[in-house]
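The values are calculated or read from the model by the stated rules, or taken from the named source; none is laboratory data. Just so it is clear, the model here is predicted, and its values are computed rather than measured. All Cβ positions, even for glycine, are placed from backbone atoms using ideal geometry, and neighbour counts span all protein chains on display. Side chains included, ligands, DNA and RNA excluded: accessible areas come from the protein's heavy atoms. Shrake-Rupley method; radii C 1.70, N 1.55, O 1.52, S 1.80 Å.
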Amino acid sequence: MNSLTLALAALGLTGFALGAVLSATGRMEMGVMLMGSGLMFQVISLVRLKRAKTQGKQ
């Protein structure tokens, strides 16, 4: 697994968790933005994993 993929996954999890905490403490707009960006990074890392899996089969 590529280190960039792991970094994107970690960034996604951290961003989502931080966004959830900020949303719960009252900074709703910033929390939602961080949660959205965290989900975006998760999707990017999942696409990279799927692409690496299909290239590994060939």
Put a dot 7 Å past each Cα toward the Cβ at Gln55 and Thr14; how far apart are the dots in nm?
2.5 nm
Between 0 and 90°, nearest 10: helix 28-57 axis offset from the chain longest Cα axis:
10 degrees
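Under 8 Å for C-alpha pairs, at least 6 residues apart: give me the relative contact order for the chain, rounded to a whole percent. Display every interim value, and only then the final one.
Details: 55 pairs, mean separation 22.4, N = 58.
Averaging sequence separation for qualifying contacts and normalising by length gives 39 percent for the chain.
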Does anyone have the angle between helix 3-25 and the longest principal axis of the chain? Alpha-carbon axes, 0 to 90°, nearest 10?
20 degrees
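Hey, what's the chain come to in accessible area per residue, 1.4 Å probe, Å²? Before the final figure, lay out each step's value.
Numbers: 4330 Å² over 58 residues.
Here the residues of the chain average 75 Å² of exposed surface.
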Estimate the FRET efficiency between Leu4 and Met33 by the formula 1/(1 + (r/R0)^6), using the beta-carbon distance for r and 25 Å for R0, to the nearest 0.05.
0.60
Work out how far the C-alpha atoms of the chain reach from end to end along every principal axis, then list the three figures in whole Å, largest first.
49, 15, 11
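What 222 nm value per residue comes from the helices of the chain, counting each DSSP H run with n ≥ 4 as -39,500 (n - 2.57) and dividing by all residues, nearest 500 deg cm²/dmol? It would help to have the intermediate numbers written out before the result.
On the way: 2 runs with 53 residues, N = 58.
The per-residue figure over the chain is -32500 deg cm²/dmol.
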Percent accessible area from carbon and sulfur atoms, the chain, protein chains only, probe 1.4 Å
71 percent
